[in-house]
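Here is the structure we will look at, set down as C-alpha cells.
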Amino acid sequence: MPRIIINKDKCKGCLLCVSACPQGLIMIEGGFNLRGVKPVKFKPGGKCSGCALCALMCPDCCIEVYK
Amino acid sequence: MDRIYSHPQSLRDVPTHYCPGCGHGLAHRLIAEAVDELGLREQVIAVAPVGCAVIAYDYWDFDCSEAAHGRALAVATGIKRVRPQNIVFTYQGDGDLAAIGTNETIHAANRGENLTVFFINNAVYGMTGGQMAPTTLLNQKTSTTPEGRNAQFQGYPLKISEMLALLPGVKYIERVSLGSAQDITKTKKAIKKAFMNQIEGIGFSLVEMLSPCPTYWGLSPCESLDWIKNIMAKEFPLGVIK
Ligand SMILES: Cc1ncc(C[n+]2csc(CCOP(=O)(O)OP(=O)(O)O)c2C)c(N)n1
Ligand code: SF4
Ligand code: SF4
Ligand code: SF4
Ligand SMILES: [Mg+2]
C-alpha cells in the first residue's frame, strides 16, 4: 500500500498538507517537535492513495511518498 | 516500493528560516526540481535578492551569487555576458524587482538579456516588517498602510509584468500562482519554459509567482492560499502575458 513519511522535526505545522489530502489522512500530532511547533502525522490506519498532493503542497519538503 | 516523491537534489535537506506556509519554500523547491529535471545543476548560476529570500544560496545546492537590493538583473547581466555557457537566473521579490530595482529590471529587459527571472509577488515587503510594496492591493492593510492602500495617496498596484511585456527585448512573461496543487503544477511548467528559453537562446523570460506571506497578510497559511485565489488573482490575472 502507498505510504508517506513525514519528517516530523522539519515540519512547521502550517497544515497545508492537511487541507491538501483529498482523504483527510493527515492530522496534528499533539506533541511538540524539536522546533517547538506541533507537527503533523499520518492518521493511523489510513489508506493512502500515493497521490502526493500533500508533498506537492508542503513548502518545507517534509513529506516523502512511496508507492 | 518506489519513492515517488522526495526533496530534489538541488535543494539542501536543511530547515529554512521561512515562516510556516511561506511561498518562498514552494518557489525554491519548484526551481530546484526544474534544475534537476533539465540536468542544469552544474551549469546554473542563481542571483539571490535582498528580501526574505536573501539566503536562498544556503538552500539551493548549486552555484549562487548575491546582489545588492534590486540589482540582481545587473549582476546577472555581468555573469551571463562573461559566462554565456552558464544558465543564469535571478530570484526577486516585489520590493526588490519592482521598487528599488525597477531601473535595473526595465533596462535588463529592454536590452533583451538572455536571462531567466523568477519574480515572487507577495504584495508586501516581507523581510523588513510587512510594509506596502508596489504590488500591494488597494485596501490591503500593511504596516505602512494601516487603513488599507488608498489609490489617492499610494497609487495603484503596479503591474510590472504587463509593463515589461511591452518591450521588444522581452520574449516570455507568464503569471502563475502558488495557491493550489494545480497552480503549483502549472508554475513548474512555466519555470521550465523560462529556463528552456535561455538554453535555446530565445531571450529574456520572466515568471511572476503570486506567493503567500501569511505572516504579513495576517492570515493562516490555508487562508492565504484562498486569498491568492479569490482576491489577489483578480487584481493580478494568471496566464501568459507575452
Ligand atoms: C539599498 C537597500 N535599501 C533598503 C533595504 C531594506 N530592505 C531589505 S529587504 C526590503 C524589501 C524586501 O521586499 P521584497 O523584495 O518584496 O521581498 P520579500 O521579503 O517580500 O520576499 C527592503 C526595503 C536594503 N536592504 N538595501
Ligand atoms: S499521498 Fe495523497 S492520499 Fe496519501 S497522505 Fe498524501 S495527499 Fe493523502
Ligand atoms: S505542509 Fe509540511 S510543514 Fe506544513 S504541516 Fe504539512 S508537513 Fe508540516
Ligand atoms: S515574512 Fe512573509 S515572505 Fe518573509 S518568510 Fe515570513 S511568510 Fe515568507
Ligand atoms: Mg515581497
Quiz item: Of (1) part of a loop (DSSP other than H, G, I, E, B); (2) more than 9 Å from chain A (Cβ to nearest Cβ); (3) in contact with a strand residue (DSSP E or B) (Cβ under 9 Å, 6 or more places away or on another chain), B:Met1 satisfies all except one. Which?
Solution: (2)
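Can you tell me which residues in region A:13-67 are of a type in the set (A, V, I, L, M), at negative phi and either open to solvent by 60 Å² or more (accessible area, probe 1.4 Å) or more than 8 Å from ligand 3 (Cβ to nearest atom) (or both)?
If we filter region A:13-67 for residues that are of a type in the set (A, V, I, L, M), which is where we start, we get A:15-16, A:18, A:20, A:25-28, A:34, A:37, A:40, A:52-53, A:55-57, A:63, A:65.
Subsequent filtering for residues that are at negative phi retains A:16, A:18, A:20, A:25-28, A:34, A:37, A:40, A:53, A:55-57, A:63, A:65.
Of everything in region A:13-67, those that are of a type in the set (A, V, I, L, M), at negative phi and either open to solvent by 60 Å² or more (accessible area, probe 1.4 Å) or more than 8 Å from ligand 3 (Cβ to nearest atom) (or both) turn out to be A:Leu25, A:Met27, A:Ile28, A:Leu34, A:Val37, A:Leu53, A:Ala55, A:Leu56, A:Val65.
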Quiz item: Does region B:147-191 hold any residues that are surrounded by fewer than 21 Cβ atoms within 10 Å (Cβ to Cβ) and among the acidic types (Asp, Glu), and which are they?
Solution: B:Glu147, B:Glu162, B:Asp183
Quiz item: In region B:58-93, what residues are under 16 Å from the mean Cα position of the chain (by Cα) and touching a residue at least 60 places away in the same chain (Cβ under 8 Å)?
Solution: B:Val88, B:Phe89, B:Tyr91
Quiz prompt | Test: B:Gly203 is within 16 Å of the chain's Cα centre (by Cα), open to solvent by less than 50 Å² (accessible area, probe 1.4 Å) and at positive phi | solution = no
Quiz item: Only one of (1) surrounded by fewer than 16 Cβ atoms within 10 Å (Cβ to Cβ); (2) within 10 Å of ligand 1 (Cβ to nearest atom) fails for B:Arg81. Which number is that?
Solution: (2)
Quiz item: Among B:Glu104, B:Glu113, which is the only one that is away from chain A (no Cβ under 14 Å), of a type in the set (D, E, K, R) and outside any helix (DSSP H, G or I)?
Solution: B:Glu113
Self-check item: Odd one out for A:Ile63 among (1) within 11 Å of another protein chain (Cβ to nearest Cβ); (2) more than 18 Å from B:Leu30 (Cβ to Cβ)
Solution: (2)
Quiz prompt | Selected residue (only one of B:Gln43, B:Gln9 is touching a residue at least 40 places away in the same chain (Cβ under 8 Å), in contact with a strand residue (DSSP E or B) (Cβ under 6 Å, 6 or more places away or on another chain) and open to solvent by 10 Å² or more (accessible area, probe 1.4 Å)) | solution = B:Gln43
Quiz prompt | Scan of region B:206-234 for residues that are surrounded by 16 or more Cβ atoms within 10 Å (Cβ to Cβ) and away from every other protein chain (no Cβ under 14 Å), ordered by number | solution = B:Leu206, B:Val207, B:Glu208, B:Leu210, B:Tyr216, B:Met232, B:Ala233
Exercise. Could you give me the residue pairs with C-beta distances under 9 Å whose first residue belongs to region A:10-31 and is more than 20 Å from B:Cys19 (Cα to Cα) and hydroxyl-bearing (Ser, Thr, Tyr), whose second residue is modelled with pLDDT of 95 or more and away from ligand 1 (no atom under 16 Å from the Cβ) wherever it lies, and which are 6+ apart or on separate chains?
Key: none
Practice problem: Please go through region A:29-42 and pick out each residue that is more than 8 Å from every other protein chain (Cβ to nearest Cβ) and over 9 Å from the mean Cα position of the chain (by Cα). | Solution: A:Glu29, A:Gly30, A:Gly31, A:Phe32, A:Asn33, A:Leu34, A:Gly36, A:Lys38
Quiz item: Quick one: is B:Val14 at the interface with chain A (Cβ under 9 Å from one of its Cβ atoms) and either assigned to a helix (DSSP H, G or I) or aliphatic (A, V, I, L, M) (or both)?
Solution: yes
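The values are calculated or read from the model by the stated rules, or taken from the named source; none is laboratory data. Computed from a predicted structure; not experimentally measured. Backbone-built Cβ (ideal geometry, glycine too); neighbour counts: all protein chains shown. We work out accessible area using only protein heavy atoms, side chains counted, and drop any ligands, DNA or RNA first. Shrake-Rupley method; radii C 1.70, N 1.55, O 1.52, S 1.80 Å.
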